[in-house]
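The values are calculated or read from the model by the stated rules, or taken from the named source; none is laboratory data. Bear in mind that the values here come from a model prediction, so they are computed numbers and not experimental data. All Cβ positions, even for glycine, are placed from backbone atoms using ideal geometry, and neighbour counts span all protein chains on display. Surface accessibility is based on the protein's heavy atoms, side chains included, excluding ligands, DNA and RNA. Shrake-Rupley method; radii C 1.70, N 1.55, O 1.52, S 1.80 Å.
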2 protein chains.
Amino acid sequence: MRLLVARCEIAYHGRATTSLALGDRVILFKDDGSLCVHADRGYKPLNYMPGPTSVSEDGDVIRVYRAASDETLVIVVHEVLTDERRELVDEAVLEHDGAERQWHLLLERAPEAIEVGLVVLERERFTDTGPIDLFCRDADGRTVVVEVKRTRAVAAHVEQLSRYCERVDRDPAHKPCRGILVAPEIAPQARVMCEARGFGFVELDFGVLKGEVAPELTLFE
Amino acid sequence: MRLLVARCEIAYHGRATTSLALGDRVILFKDDGSLCVHADRGYKPLNYMPGPTSVSEDGDVIRVYRAASDETLVIVVHEVLTDERRELVDEAVLEHDGAERQWHLLLERAPEAIEVGLVVLERERFTDTGPIDLFCRDADGRTVVVEVKRTRAVAAHVEQLSRYCERVDRDPAHKPCRGILVAPEIAPQARVMCEARGFGFVELDFGVLKGEVAPELTLFE
DNA sequence: ATATACATGTCGAGG
DNA sequence: CCTCGACGTGTATAT
């Protein structure tokens with residue numbers, strides 16, 4: 001990686017157009033051709049470019065071009081504060097936990113967290129309107145479609161659940177199915193929509209669920 | 001800004017949970033409390049934290065806590081390759097030429113690019129279902145709702161246009177309004193939806209439009 | 001390739 | 001606050 005700290009101006013042209021007046025920034029040129037420009041504020045880069053790119057340098061002008069998307073970044077360097085190259089060895093991949101997929105796995109092990117008597121028939125059941133998170137049957141033998149959200153549920157998610165239920169209802173064997181939205185929180189409007197459409201909402205916290213269902217999986221204390 | 005290059009392990013716990021095994025990374029600790037962790041590939045950080053945070057250091061363990069969202073990042077430093085502090089002065093703000101906004105402005109100047117005889121009555125007309133990009137009247141005096149997309153139009157965009165048209169149709173003075181989707185490209189399914197709902201689709205390339213309508217605005221070349 | 005949904009999405013505008 | 005839509009969204013996955 002090339003680590004350039006410099007007082008510079010930057011212009012980007014591609015999907016949008018940006019320009020950045022003179023200032024001090026840290027610029028990371030990575031070995032895969034990607035780069036990002038950071039000032040001393042905010043965690044997001046001021047400018048960036050995914051790899052692969054071609055980087056050319058002409059005096060104090062660095063031009064980065066990404067042919068795949070016809071994007072150009074031009075850096076005009078006014079003063080170099082640091083310019084060093086470092087070999088960074090990193091074979092690790094980021095292990096991720098708490099993604100929606102994991103909710104599905106946990107809920108499959110503990111469907112009673114959603115409702116007593118619920119049985120998960122299928123997880124990630126694919127339909128032509130999209131994948132149904134949990135395809136279930138309730139204590140009364142009725143088909144239940146469960147849509148899981150790891151963040152606050154909003155109107156669009158209720159729409160999503162509606163589509164799935166409508167799709168399932170096209171099969172007389174399942175009609176009329178029930179819909180349940182599972183999330184740690186729900187927006188007021190989404191709650192109203194749920195009630196209007198007869199859907200259930202179950203408030204579930206991932207940390208709590210994991211602790212109850214699979215305490216052996218709990219890392220970080 | 002503190003610029004730490006180190007061989008380290010990292011754990012994050014907050015909205016999700018991640019862990020990252022030993023590897024060499026560049027870590028930027030910014031003065032506003034935000035930080036980001038970069039390996040030598042990809043333009044996105046492996047981990048990050050928005051400011052403000054409190055950073056505490058205990059031996060080779062750096063703990064970053066963000067109270068606002070109860071998120072924690074723990075860095076276990078195994079080997080320090082570089083650890084320096086730099087004063088970076090940057091008063092500049094990123095000038096951003098929002099693409100969609102430009103489309104609206106250009107189309108307001110040249111509605112005939114969409115349809116002969118079209119007149120733009122209002123741009124960004126706010127309704128309780130969201131903002132209508134271009135609220136227009138056609139050559140026959142009918143109300144027209146135009147939804148502009150700067151990328152390929154997909155099904156969700158047709159849904160969006162539907163909602164706006166339904167909203168406009170609630171007013172007898174405008175009913176029945178027409179809907180037109182404007183984009184550089186449209187997905188096959190979205191095209192079918194447009195036809196099924198009687199919406200028009202106009203294929204427009206921004207570069208071409210800009211060249212025709214406002215060549216004086218063309219920068220970079 | 002096309003379509004869909006997830007993301008530690010983030011960000012900003014309007015009500 | 002809440003809601004919604006844009007983003008230089010990016011990314012993964014299934015058809």
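Summary of values
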quantity	calculated
Single match in A:Ala113, A:Ala153, A:Ala187, A:Ala183 (criterion: over 30 Å from B:Ser19 (Cβ atoms), at pLDDT 90 or above and small (Gly, Ala, Ser))	A:Ala187
Test: A:Arg167 is within 11 Å of DNA strand C (Cβ to nearest atom) and either within 14 Å of chain B (Cβ to nearest Cβ) or of a type outside the set (Ser, Thr, Tyr) (or both)	yes
Selection within region A:6-53 - closer than 17 Å to B:Ile27 by Cα and within 16 Å of DNA strand C (Cβ to nearest atom)	A:Cys36, A:Val37, A:His38, A:Ala39, A:Asp40, A:Arg41, A:Gly42, A:Tyr43, A:Lys44, A:Pro45, A:Leu46, A:Tyr48
Residue list for region B:15-50, filter: more than 7 Å from chain A (Cβ to nearest Cβ) and more than 16 Å from A:Ser34 (Cβ to Cβ)	B:Arg15, B:Ile27, B:Phe29, B:Gly33, B:Asn47
Region A:53-68: number of residues that are outside any strand (DSSP E or B) and either open to solvent by less than 50 Å² (accessible area, probe 1.4 Å) or modelled with pLDDT of 95 or more (or both)	3
Segments classed as strands (runs of 3 or more DSSP E), wholly inside region A:111-221, with at least 1 members that are open to solvent by 20 Å² or more (accessible area, probe 1.4 Å)	A:119-127, A:130-137, A:178-183, A:200-203
Residues of region A:126-137 satisfying the condition of being away from chain B (no Cβ under 14 Å) and either within 11 Å of DNA strand D (Cβ to nearest atom) or under 15 Å from A:Leu181 (Cβ atoms) (or both)	A:Phe126, A:Thr127, A:Pro131, A:Ile132, A:Asp133, A:Leu134, A:Phe135, A:Cys136
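Here is a yes/no grid of residues against (1) in contact with a helix residue (DSSP H, G or I) (Cβ under 7 Å, 6 or more places away or on another chain); (2) in the same structural domain as B:Gly179 (by TED's automatic domain parsing); (3) not aliphatic (A, V, I, L, M):
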site: B:Thr72; (1), (2), (3): no, no, yes
site: B:Ile75; (1), (2), (3): no, no, no
site: B:Pro111; (1), (2), (3): no, yes, yes
site: B:Gly117; (1), (2), (3): no, yes, yes
site: B:Glu122; (1), (2), (3): no, yes, yes
site: B:Thr129; (1), (2), (3): yes, yes, yes
